[in-house]
């Protein structure tokens, strides 16, 4: 038994002993409140911490859960707790979907204000829908929960029930965070666009996060109703619920596993420790909250990091930057046979035109960024797309990968229409990309970045993944194997445990390529991969692109480095002002007068022609 | 009818001032100040105390506005400056902390009972060509219009205003042009807090002052800025007036208990269907 499990075992024993030690009913009530709010904080953390979506409507979910449970169990037996509990989860889950689906369109402060509005609407509903909620009179006569023949009268027995439910919720979060879904949520939090183009179904996962969070909030609402045994609209306001729970998550540690619970315990007990009147306590609490945010950016858990027997230490190495320089890359070339086995394009290399755009047009207001473009990419080639700045190259990639919607025209990829499809659908079809201005998952390691995009042959579902069944474990092993090959292929394996933000620019670019390769794409679009690289780094890039070719990946290369294009490309298309002005073999295209003019301007190109003639 | 419109516009003017001050801070810093409503509340209470000393009304009002402006400087120094490099949630949480602090400070200083600030005017109503209007409402509308005019002159007719706008648009480039962004941001906070002081002075005589008014005001200001278009200054003003009118028409013709719920319904409708609002910024992320 290692220190970590020992520490957890001791913690469990201490927790179980609480009702035996705390004899006052009053204090037990506070302990129980801390558990209820701990569950609510865990729920908020899934949306706020794991997914990075600022939601401020948890008072609404909490209230819906409490009212649902109260209306079902009111005046009845304690056994009704269970159907009430489940119903609270289901009803708030539905409310979570009702908020989560429209909220997909919103980000940042828009989402914050929309969810705040939802919380306020629910407050008005609790207050004014008297026929159901009894308005200010509230609902009383909510029974104590009962398990079969055992009536859980008293704070002590309630404690074990609430603790068990909270422990299950934390366990669930632990599995979630450690699973592929946890990685995907973190990817959405760090770089939503890149998550989408890496194959993460952003819409589905965000809705799932809202749903899970709402269900847990509903459970905690139900627990609250059965603890206090009376509810009224006053208990479900922004300042009574949302602000404190937000504080618990922030003070405890956003995105950590047990930080929110820790925050809930601290904030629930603080008034007892301070022993001042409520107004003075609130005064200190308000100022303290602001001070905590300012002085403890990582929350209490961050401040406790590495102390208390390593109980709070995250599994992943936290600051490899301080661990000295990384080991040098081994000079040996990657094992291409193994790489080919694990990273060859899913569904084969294909033949003929894998990609075909027809009459593709994209307008932004009055600006025509892409104008009736026809473009074919042949399987197994490196096709370069060049042109002056602003000629529409990046817009083309954005159209092809589902980030922009074309105004007109069609894009067929492997015979399937992908114009206007969502980025993750395009990614799943086998089209990967990199970004000109890097979009990596900044909170993760190099390996984590690539793992997000890796595609297994037999993906496991939610159920198998969260329970870590055989199929899910096999999938993880598969994903790790493919990730390893992708990193070896790009010469990044020695950097696998480095945090992405500690790497120099060139290596970050290579991680983006490794991430794309792990998707086992049939077509890979590289958006200025050599930008900002020195000649030595460009040589390494050429080697890497050569290896991708060897695997059979078709490549579309956008690049300003013309010598590089001439070396790598089988075929070149030149864009200017969104139109195709030339296409053909690299050497032929280089001589085209219109291409020279586009790059050099009319005067210089005329002079060049005169000089050449002379 | 004219009365309803006048009182809607008067309330809307208050929302417009709060929304405007909120948006000024947002444009300068990209921070959401959730305590904007509490600043109005403090302004109102300071005005109440100043008027209670026997000072003339105009002096008390001016004192409250200046006091709030000064407070704006401290506020930005303590709450915003340390958090300027952090994700927006940090500043949001810190301002929520401040609003809890301010509500309870006001509770301790001015007590839990709502306070009545006497009216500026002795007559209860004025007769404008046969329509009976409340002078306070006209006064609020007139003062707000004046303040907006001054605001416009400050931002578009002075060098300071140009520098403030430059900072709001791109602080880094502004810095390269010799502007001190931190100073401009501090001035923006002072102006914004001064505006909340004006709102506090104006709202005190028509509402009973209590520690709860801040939340209602900031929520309405949120609705106003979303309707007007997030980040747009004229949008905040127009949005504020729309919210004021909407609120009173719903209360009179539909349901007075659900007037706030309807307002939030409009908020969510706008966010989901029409997130750019009337004058707003593009919501889609640039690639």
| query | Any idea which of B:144, B:123 is within 22 Å of residue B:204 (Cα to Cα), away from chain A (no Cβ under 14 Å) and modelled with pLDDT of 90 or more? | reply | B:144
| query | Out of all the residues in region A:553-575, which are in a strand (DSSP E or B) and either within 35 Å of the chain's Cα centre (by Cα) or surrounded by 20 or more Cβ atoms within 10 Å (Cβ to Cβ) (or both)? | reply | A:554, A:555, A:556, A:557, A:558, A:572, A:573, A:574, A:575
| task | Inspect region A:231-244 for any residue being more than 11 Å from chain B (Cβ to nearest Cβ), closer than 29 Å to residue A:173 by Cα, at pLDDT 90 or above and not in a helix (DSSP H, G or I) and give the result as yes or no. | result | yes
| field | Condition broken by residue A:24, with the remaining ones in (1) surrounded by fewer than 24 Cβ atoms within 10 Å (Cβ to Cβ); (2) in contact (Cβ under 8 Å) with a residue 12 or more places away in the chain satisfied | value | (2)
| request: Scan region B:147-158 and give yes if some residue there is assigned to a helix (DSSP H, G or I) and either at the interface with another protein chain (Cβ under 10 Å from one of its Cβ atoms) or within 18 Å of residue B:206 (Cβ to Cβ) (or both), otherwise no. | output: yes
| query | Which condition number in (1) surrounded by fewer than 14 Cβ atoms within 10 Å (Cβ to Cβ); (2) touching a helix residue (DSSP H, G or I) at 6+ places or on another chain (Cβ under 8 Å); (3) modelled with pLDDT of 90 or more is the one that residue A:539 fails? | reply | (2)
| query | Given A:93, A:65, A:76, A:89, which one is modelled with pLDDT under 90, closer than 23 Å to residue A:162 by Cα and more than 10 Å from every other protein chain (Cβ to nearest Cβ)? | reply | A:76
| remark: Within region B:239-258, the count of residues that are assigned to a helix (DSSP H, G or I) and farther than 29 Å from residue A:107 by Cβ comes to 7
| query | Among B:52, B:111, which is the only one that is within 12 Å of chain A (Cβ to nearest Cβ), modelled with pLDDT under 90 and over 19 Å from residue B:168 (Cα atoms)? | reply | B:111
| Verdict on residue B:65 being more than 14 Å from chain A (Cβ to nearest Cβ) and not in a loop (DSSP other than H, G, I, E, B) | yes
| query | Quick check, is residue A:385 over 20 Å from the mean Cα position of the chain (by Cα), away from chain B (no Cβ under 14 Å), on the phi < 0 side of the Ramachandran plot and buried (at least 23 other Cβ atoms within 10 Å of the Cβ)? | reply | yes
| query | Can you tell me how many residues in region A:343-369 are crowded, with 19+ Cβ neighbours inside 10 Å and under 32 Å from the mean Cα position of the chain (by Cα)? | reply | 8
| For region A:246-269, does any single residue satisfy the condition of being at pLDDT 90 or above, in a helix (DSSP H, G or I), away from every other protein chain (no Cβ under 14 Å) and touching a strand residue (DSSP E or B) at 6+ places or on another chain (Cβ under 9 Å)? | no
| task | Have a look at B:236, B:221, B:261 and point out the one that is assigned to a helix (DSSP H, G or I), surrounded by 23 or more Cβ atoms within 10 Å (Cβ to Cβ), at pLDDT 80 or above and within 13 Å of chain A (Cβ to nearest Cβ). | result | B:221
| Inside region A:453-552, counting only helices (runs of 4 or more DSSP H) that do not spill past its ends, which hold 2 or more residues that are within 23 Å of the chain's Cα centre (by Cα)? | A:462-466, A:470-489, A:505-517
| request: Taking only region A:439-465 into account, find how many residues are farther than 19 Å from residue A:202 by Cα, out of contact with any strand residue (DSSP E or B) (no Cβ under 7 Å at 6 or more places or on another chain) and touching a residue at least 24 places away in the same chain (Cβ under 8 Å). | output: 2
| Taking interchain pairs and intrachain pairs at least six residues apart, which have beta carbon atoms under 9 angstrom, with the first residue in region A:590-614 and touching a residue at least 40 places away in the same chain (Cβ under 8 Å) and the second assigned to a helix (DSSP H, G or I)? | A:598/A:605; A:599/A:562; A:599/A:605
| query | Looking at region B:68-87, which of its residues are in contact with a helix residue (DSSP H, G or I) (Cβ under 7 Å, 6 or more places away or on another chain), surrounded by fewer than 22 Cβ atoms within 10 Å (Cβ to Cβ) and more than 14 Å from chain A (Cβ to nearest Cβ)? | reply | B:69, B:71, B:73
| message | Is it the case, given these coordinates, that residue B:90 is out of contact with any strand residue (DSSP E or B) (no Cβ under 7 Å at 6 or more places or on another chain), more than 10 Å from chain A (Cβ to nearest Cβ) and either buried (at least 23 other Cβ atoms within 10 Å of the Cβ) or part of a helix (DSSP H, G or I) (or both)? | response | no
| helices (runs of 4 or more DSSP H) completely within region A:105-191 that count 1 or more residues being crowded, with 18+ Cβ neighbours inside 10 Å and within 14 Å of another protein chain (Cβ to nearest Cβ) | A:108-128, A:130-133, A:180-190
| Of all residues in region A:576-614, how many are assigned to a helix (DSSP H, G or I) and over 46 Å from the mean Cα position of the chain (by Cα)? | 14
| message | Which count do you get for residues in region A:343-369 that are in contact with a helix residue (DSSP H, G or I) (Cβ under 7 Å, 6 or more places away or on another chain), away from chain B (no Cβ under 14 Å) and more than 30 Å from residue A:457 (Cα to Cα)? | response | 1
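The values are calculated or read from the model by the stated rules, or taken from the named source; none is laboratory data. Source: prediction; values computed, not measured. All Cβ positions, glycine included, derive from the backbone under ideal geometry; neighbour counts span all protein chains shown.
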